[in-house]
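What follows is a single structure, written as structure tokens, with notes after it.
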Amino acid sequence: MAVEGKLSGTAAVVTGASSGIGEATARGLAAQGADVALLARRGDRIEALAAELSEGGVRALPIAADVSDREQAERAVARAAEELGRLDTVVNNAGVMLLGAIQQAPVEEWEQMVEVNLLGLLYVSKAALPHLLSAAESEPRRVADLVNVSSVAGRVARLGSGVYNATKHGVGAFSESLRQEVTGRHVRVSLIEPGAVATELVSHNRPEVQERIEARLGDIDQRLAAADIADAISYVVTRDRHIAINEVLIRPTGQTG
């Protein structure tokens, strides 16, 4: 049975959909009635999620792709639009956070963050724009959404986060410039900036860096859940056509910075 919700009759793409915020966002959009294309490198995870969402009454399309590869990103977006028939919502969530002192950092970590956090987001956004502009001119909603997941690190530069900060500040600058370019055509560009969230993001760091991160976050009594960020994204993309929520900074209550 089809899901009836504010996004019924629309289609979405979520990158980094195999876990954490991406997985929770895909669930949230599906709960609002959207068909969802799930983009991630880990095909087994998105296939399992797609099967679950499909049982709930929406179309869910798993697409194994590495968005840091431009051809893969472009093909994935094109396939999503073709198989789902349209694209009304795109959530650029794929990202990595590899922290540590700049002087001792492996340059490969910098390259990975730039390629995923920034270039991957640019590739997906560029490929999706024609579809979003088309959706904004048609029923059922006559508005489309591009949501870019950034971070508190896109606002505040911290010791030990230099290149991660650089990529997330870049996401913010790109989002604001694009917003000015397309908002008159009813494509809304929104920036979501989470603080400390309990996901696997920290686990990708070197062990000594993980220890420092955990020590820094140790005073927070309860970190945000991925579902908290997904809830904010769902709120942003379900507003009426005349409302654009351009930026959401969301921290745990116990996080001071």
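The values are calculated or read from the model by the stated rules, or taken from the named source; none is laboratory data. Note that the structure is predicted; figures quoted are calculated from it, not measured. Positions of Cβ are backbone-derived with ideal geometry, glycine not excepted, and every protein chain shown enters the neighbour counts.
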(request) Go through (1) more than 14 Å from the chain's Cα centre (by Cα); (2) at pLDDT below 95 and name the single condition residue 71 misses. (result) (2)
(request) Scan 138, 134 and give me the residue that is out of contact with any strand residue (DSSP E or B) (no Cβ under 6 Å at 6 or more places or on another chain), in a helix (DSSP H, G or I) and within 18 Å of residue 9 (Cα to Cα). (result) 134
(request) Name, by its number, the condition in (1) among the small types (Gly, Ala, Ser); (2) more than 17 Å from the chain's Cα centre (by Cα); (3) modelled with pLDDT of 95 or more that does not hold for residue 94. (result) (2)
(message) Being out of contact with any Asp or Glu (no Cβ under 8 Å at 6 or more places or on another chain), β-branched (Val, Ile, Thr) and at pLDDT 95 or above is the filter here; which residues of region 150-188 pass it?
(response) 167, 171, 182, 183
(request) Filter region 106-142 down to residues that are among the polar types (S, T, N, Q) and closer than 17 Å to residue 153 by Cβ and give me whichever is farthest from the chain's Cα centre (by Cα). (result) 112
(request) List every residue pair whose Cβ atoms lie under 8 Å apart, where the two residues are 6 or more positions apart in sequence or sit on different chains, the first residue falls within region 230-244 and is in contact (Cβ under 8 Å) with a residue 40 or more places away in the chain and hydrophobic (A, V, I, L, M, F, W, C), and the second residue, located anywhere, is surrounded by 12 or more Cβ atoms within 10 Å (Cβ to Cβ) and in a loop (DSSP other than H, G, I, E, B). (result) 236/245; 237/7
(message) Which residue is nearest to residue 111 (Cα to Cα), if the candidates are limited to region 42-93 and must be outside any helix (DSSP H, G or I) and small (Gly, Ala, Ser)?
(response) 68
